[in-house]
Every structure is written in C-alpha cells, then in structure tokens.
Amino acid sequence: MLILLPVCRNLLSFLRGTCSFYRSTLRKQLDHNLAFHKLVGYMICLHTAIHIIAHLFNLERYSRSRQATDGSLASILSNLPHQENYSWLNPIQSPNTTVVYVTFTSIAGLTGVIITMALVLMVTSAMEFIRRSYFEVFWYTHHIFIIYFIGLGIHGLGGIVRGQTEESMAENHPHKCAEFFEKWDDPASHCKPPQFEGLPAESWKWILAPGILYIFERILRFYRSQQKVVITKVVMHPSKVLELQMHKHGFSMEVGQYIFVNCPSISNLEWHPFTLTSAPEEDFFSIHIRAVGDWTENLIRTFEKQYSPVPRIQVDGPFGTASEDVFQYEVAVLVGAGIGVTPFASILKSIWYKFQHADQNLKTQKIYFYWICREMGAFAWFNDLLASLEQEMEELGKVGFLNYRLFLTGWDSNFAGHAALNFDKANDILTGLKQKTFFGRPKWDNEFSTIATAHPKSAVGVFLCGPQTLAKSLSKCCCQYSSLDPRKVQFYFNKENF
Amino acid sequence: MGQIEWAMWANEQALASGLILITGGIVATAGQFTQWYLGAYSIAAGVLVCLLEYPRGKRTKGSTMERCGQKYLTRVVKLFGPLTRNYYIRAFLHLGLAVPAGFLLATILGTACLAIASGIYLLAAIRGEQWSPIEPKPKERPQIGGTIKQPPSNPPPRPPAEARKKPSEEAAGIPTGGPQENPMPVNDEVV
C-alpha cells in the first residue's frame with residue numbers, strides 16, 4: 001500500500017541518512033514524496049472505479065441468473081442449495097431479493113460503500129484549490145483514511161466471491177462438465193454437482209506492513225514532539241514576520257532543511273513546515289514565520305501578547321535533503337526568487353561561519369547572490385542579515401567575498417523617482433545596504449559573461465530556489481557560458497536541491 | 001477553521017458527485033440493468049449538476065482561481081438570479097435530484113455523495129454564504145491624450161514630481177511650478 005509510505009517522513013529521513021554513500025540524485029528522489037503520494041492516490045481512485053463497475057455487472061448478472069427460470073447453466077448454478085457452506089455460488093438467495101438489499105446487508109457491500117464515500121470526501125477536500133485556501137479542511141478530512149483502511153481490511157471477510165473447491169475441480173472440471181449440466185444430479189454421470197467456497201480476504205496482507213510502519217511513524221512523531229523545545233529568543237520583524245530562535249536537546253541540522261512546527265495552544269493537530277534560517281554552526285535553530293493564513297496569524301498574535309507566558313512549541317525534524325553541494329564550488333552563484341530566499345539565509349550564514357573559521361571543507365572563494373523580489377516588505381528581515389554580513393565582511397577586510405545584487409521587479413515610477421533623487425547617497429534608500437537595488441529582472445547574459453570573465457578557470461555552481469521559468473533560463477545560460485575547454489570556466493546548474 | 005467558506009468545498013463535492021452520477025448512469029444504461037431508466041435519469045441529473053457546479057463562485061476573501069473555460073457557463077448560471085445565488089435552494093435541489101438515483105445500485109454512490117454535498121451547501125447557506133459570479137475586469141482602454149499631462153513648466157535639470165511639490169509646501173508665497181510660469185495655460189493640440 002504505497003500510499004502510506006511516502007508520508008512517513010521520519011522513515012524517509014532515516015533512509016536518507018543511511019543512504020549517504022549513494023549518489024545524491026537518488027536521495028533527492030525522496031524529496032518528491034508528496035508527488036508520489038498524489039499519483040498513487042489517483043491510481044487508487046481509478047482502480048476503485050474499475051472495481052465498483054465490475055462488481056455492479058457481477059451483481060446484476062447474479063440477479064438475472066437467480067430470476068432465470070429457463071434451466072440454463074446460470075440458473076442451475078444459482079439454484080445450488082444454500083444449506084451447506086460448500087455448495088452455493090449465487091449470493092442472492094431468492095428471486096425477490098434486490099441487489100441493493102444484498103449490498104447493504106453483506107459485509108463486502110456495506111464496507112465498500114462506506115470506504116468509497118470516505119475516498120470521495122478525501123479526494124474532494126484534497127483538491128489544490130481547497131488545500132491552498134482552507135488547509136484545515138483538507139487536513140482534518142484526510143484523516144478519514146483510518147476508516148478507509150479498516151474498511152478495506154474487513155471488506156473481503158464475508159467471502160462473497162466464491163470459487164470452486166479443489167476436490168470439486170477434480171470431480172467436476174468446467175472444461176469437461178460444463179456442457180452436461182443437466183446431468184449433474186444424475187448419479188450415473190461422471191460429473192457431480194460442483195462445490196464452491198468463499199475466497200478468503202486478501203487485502204489485509206497488503207496493508208498490514210505499511211500500516212504498522214505508519215503507526216510507528218505517528219508514534220515517533222508524537223514522541224519527538226514531546227521533547228522539550230526551549231524558545232531562546234523571539235524577534236518581531238516588520239511586515240508581520242516572526243523569528244523564533246529555539247533550542248532542543250539532540251537537534252542537529254544541515255543547511256537547507258526544514259522542520260514541522262506545532263503549537264498546541266492554537267491547534268493540537270496541525271503541523272506546519274518552515275525552512276530553517278539558521279546555520280548549523282550556531283547554537284540555536286531559528287525559523288522565520290510570515291502571517292499568511294489562520295494558523296500563522298494566530299501564532300504571531302499569541303507571541304505579540306507581552307504579558308502572557310510564552311506558548312509551548314513542538315518541533316519535528318529536520319527533514320529534507322541537505323544542500324551541502326553549495327560548499328564544493330570555488331565560485332557560487334545563488335539565485336533566490338521571492339520566498340525562495342529563505343533557504344539561502346541558512347546557506348549564507350553557514351558559508352560565512354565556515355569562511356571565518358577557515359574551514360577546510362569550504363572551497364568557496366566568492367559568492368554572487370541574486371535576490372529577485374516583487375516587493376521587499378515581507379523580507380525585510382533578510383535585509384538585516386545581509387547588512388550584518390556586509391558589516392562583518394568590512395571588519396574582517398574581506399569586502400569582496402560576498403557580492404549581492406537585489407532586484408525589485410514590482411516597481412513603479414515613485415520608486416524610480418526616489419532612487420534617481422537619492423542617486424549620490426552611499427546607501428540604498430530602500431534597503432539601507434551598500435549595494436544599490438536594481439529595478440526589473442536581471443539580464444542573465446550580462447551577469448554570466450561578467451562572472452565568466454572574472455573567473456576564467458573556475459568551476460562555478462549555480463543554485464536556484466525559484467520558479468520553473470527562471471530555472472529554464474538559468475540552465476540555458478549555464479550551457480551557453482560554460483567554455484568548451486574543460487580547464488576553463490564551467491557552470492554547473494543545480495536545481496534539484498530545493 | 002473559522003475562515004473557511006464551506007461553499008467552495010461543497011462545490012467540489014457536488015461536481016465530483018455529478019461525475020459519479022453520470023458514470024453510474026452510463027454503466028446501468030449500457031449494461032441494460034433492471035430499472036435502467038433510473039440510470040438514464042441519473043445521467044441527466046449528473047449533467048445538470050455538473051453544468052450548475054462547474055463555474056466556481058467568487059470567494060469573499062482573496063482571489064479565486066477560475067476553472068478552465070468557465071466564463072461561458074457563468075453567464076448562463078447568472079441568468080437564473082436568486083435561484084442559483086442562494087445556497088438553500090441549491091442544497092434542496094441537490095437533495096431532490098439525488099433521491100431517485102438512490103433506488104438503483106449503480107447510482108447509489110452518486111446519491112450518497114450528492115447528499116453530502118447538499119449537506120455542506122446547507123451549512124454554507126446557514127452561514128450566509130452566496131454564489132457570486134467571477135467576472136472579468138473590464139479592460140480599461142487608455143484614453144487617448146489622457147496621460148499627456150501639462151508639459152513641464154521649468155527648464156531642465158528637473159527633480160522628479162515629488163521633489164517639485166516640496167518647495168511649494170515650504171514656501172507658500174512662491175508660485176507653484178518652479179521659477180518659470182507660463183503666462184497662459186498650455187494645451188497639447190492632439191485631439
């Protein structure tokens with residue numbers, strides 16, 4: 001039952017950890033678990049439809065056979081007596097019984113109807129529109145999968161689908177005896193009446209192992225969530241962004257991973273994922289939460305209350321493929337679009353720590369960071385990070401290490417006017433950073449050719465967290481500007497990381 | 001759960017039930033089951049439900065994603081006015097449509113799903129939700145000549161518009177527009 005396995009995220013993390021000696025492309029497939037879950041879901045729907053239609057025809061034919069009085073093979077088989085367990089074939093016992101009655105009075109029929117309705121409810125509440133706009137409906141409704149699996153296990157218990165017994169096949173094989181059905185009762189014929197038995201339920205064999213794994217996963221999630229999380233610092237950023245710095249015993253993270261967070265005082269059952277914005281070298285881990293829906297707004301409001309005790313937070317994680325490849329390139333080009341900038345907070349901080357401590361694992365000598373955003377407001381906290389990095393680099397005298405360019409794509413004439421007016425000021429008026437904000441989208445051809453001329457002999461890693469169209473143009477540029485000579489500059493595009 | 005608009009989920013559920021009704025009806029009619037005329041009814045009811053439910057209503061909060069090609073049906077559904085706007089009527093309509101299909105096994109699943117959709121619509125109606133059509137915003141045709149403003153009234157170099165406004169606030173006596181003022185208003189002659 002493949003649908004349960006992709007949602008066991010702790011199991012997947014465990015697999016990812018043990019497979020560290022395999023190529024990372026294999027591990028990255030584990031990141032597509034939700035897509036796999038949806039595909040299997042669609043398959044379940046399709047096969048449910050086929051199964052139901054087949055049984056509808058089956059029952060209809062049983063009903064016709066029961067009502068047939070023409071002495072055909074079908075009617076003889078239907079009239080096999082019901083007294084003993086081994087002799088009857090047709091579950092419809094009398095000509096007056098309707099198929100609806102049989103459906104609702106048999107285990108198979110009743111469980112079938114119930115679990116199909118559960119399936120329909122699960123699918124309609126999981127439509128993308130409902131999921132994105134009203135997540136709680138999706139989350140709580142989807143838990144009726146418990147009813148689905150229990151019903152599925154019980155579904156075959158009644159043995160309503162019957163097959164000929166072994167002994168009966170020896171005495172009355174259909175190939176030999178089917179034509180002589182009038183003579184079955186005749187003691188002199190070599191064909192005895194056939195015996196049928198109910199075929200046993202098989203579905204429990206398929207769902208037992210994944211079901212146990214899933215129960216184990218939920219218990220594990222519960223156990224991990226009970227571990228104490230200490231909130232060391234709460235920062236309220238402008239544009240309704242909340243930063244939580246936390247500490248948990250035994251928690252270790254890599255760059256680019258995410259955690260699931262639960263706040264029991266808001267909702268007991270909801271777990272929401274957030275990318276980690278702290279570096280592994282720091283002694284706390286942090287997340288930045290923006291108010292985008294019910295749960296996040298409630299969370300921010302709870303933390304804003306100054307005189308009430310800090311609410312308890314439960315954390316599960318970290319999950320996700322780590323992005324250690326970033327540290328392997330001499331020159332790294334990092335492109336973050338919109339909310340895609342969040343994993344880069346962790347990466348930039350980590351690169352900076354490694355650089356300060358002259359970590360041998362860090363091959364990076366230069367970073368080009370491109371941040372493309374429609375409007376800066378929601379990511380003002382990232383500005384602070386860049387500003388502090390800028391300042392630290394000045395203090396260490398390594399101003400050239402991090403080059404960043406910010407692109408504001410949602411600009412109007414007001415912005416441009418202000419920028420033109422403050423042209424000769426040292427700091428950018430929008431962000432306060434030394435680097436001026438550009439307006440519009442970056443011209444990748446210019447950027448890539450500049451980088452190629454500046455680093456003629458290096459391997460340049462290009463990392464993107466953003467939309468698919470951007471991925472296409474970046475990978476095209478990588479191919480275009482990689483030199484034919486393998487000793488000269490080569491651009492490597494990494495899009496599976498995020 | 002406070003902000004959910006139940007009608008959106010009821011709409012998805014009803015659309016799914018319509019499709020299930022059509023499928024069950026086709027199976028019953030094509031297989032010539034007993035009482036197959038109920039299957040034919042179920043196809044018709046399913047088609048009606050699908051046509052009614054295909055255009056998604058507008059959410060009260062936030063933007064709504066339209067279904068592909070729904071604007072033609074939106075016009076038709078809008079024509080019925082309060083019959084389609086009110087969710088009580090929809091709830092009872094769906095319940096009524098569902099009942100006859102419940103007598104045939106092939107379509108009974110459609111009945112159950114449509115009954116659930118009807119229940120959710122009833123909940124939506126009790127909470128005061130309404131169906132409103134998603135209308136495309138009329139494209140604003142650019143007025144010819146409307147964006148041509150008064151030509152600049154002071155010679156270059158000129159600071160941008162906001163900077164030009166500042167001196168007029170600070171010193172009330174100086175005429176607006178900077179050092180040069182045109183003796184008569186200047187209009188462009190483009191019609």
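Remarks
- Region A:110-269 shape via C-alpha gyration tensor axes, a/c threshold 1.5: prolate
- Checking the cross-link pairs A:Lys366/A:Lys398; A:Lys38/A:Lys476; A:Lys366/A:Lys457; A:Lys38/A:Lys248; A:Lys443/A:Lys476; A:Lys354/A:Lys472 against a 21 Å limit on the alpha carbon distance flags A:Lys38/A:Lys476; A:Lys38/A:Lys248; A:Lys354/A:Lys472 as lying beyond it.
- For region A:227-319, the dipole from Cβ point charges (+1 on Lys and Arg, -1 on Asp and Glu) about the Cα centre works out to 320 debye, to the nearest 20.
- Within chain A, the longest segment free of exposed loop sites, counting GluC sites (Glu not before Pro) that fall outside DSSP classes H, G, I, E and B and have at most 10 other Cβ atoms within 10 Å, spans A:203-498.
- For the pair region B:20-78 / region A:86-148, the C-alpha centres are spaced 21 Å from each other.
- For the pair B:Asn86 and A:Glu282, label points projected 7 Å from Cα toward Cβ lie 5.8 nm apart.
- Unit charges at the beta carbon, dipole of the protein assembly as shown: most positive-side option, B:Gly110, A:Ile44, B:Val76: B:Val76
- Check: the protein assembly as shown dipole with +1 on Lys, Arg Cβ and -1 on Asp, Glu Cβ, in debye: 1100 debye
- Cα shape, region A:342-418, gyration tensor, a/c 1.5 rule: prolate
- DSSP finds beta bridges in the protein assembly as shown, and of those with both partners inside it, around 50 percent are antiparallel.
- Sparsely packed loop sites in region A:451-480 (the trypsin sites (Lys or Arg not before Pro) outside DSSP H, G, I, E and B with at most 12 other Cβ atoms within 10 Å) comprise A:Lys457.
- For region A:227-319, DSSP calls about 100 percent of its internal beta bridges antiparallel.
- Across chain A, the relative contact order, built from alpha-carbon pairs under 8 Å that are at least six residues apart, equals 11 percent.
- Remark: the Cα gyration tensor places chain A in the prolate category, a/c being 1.5 or greater and a/b exceeding b/c.
Quick note: the coordinates plus some simple rules give every number you see, no bench work behind them. This structure is a prediction, so every number in the text was calculated from the model and none was measured. Neighbour counts are summed over all protein chains in view; Cβ atoms, including those assigned to glycine, are modelled from backbone coordinates with ideal geometry.
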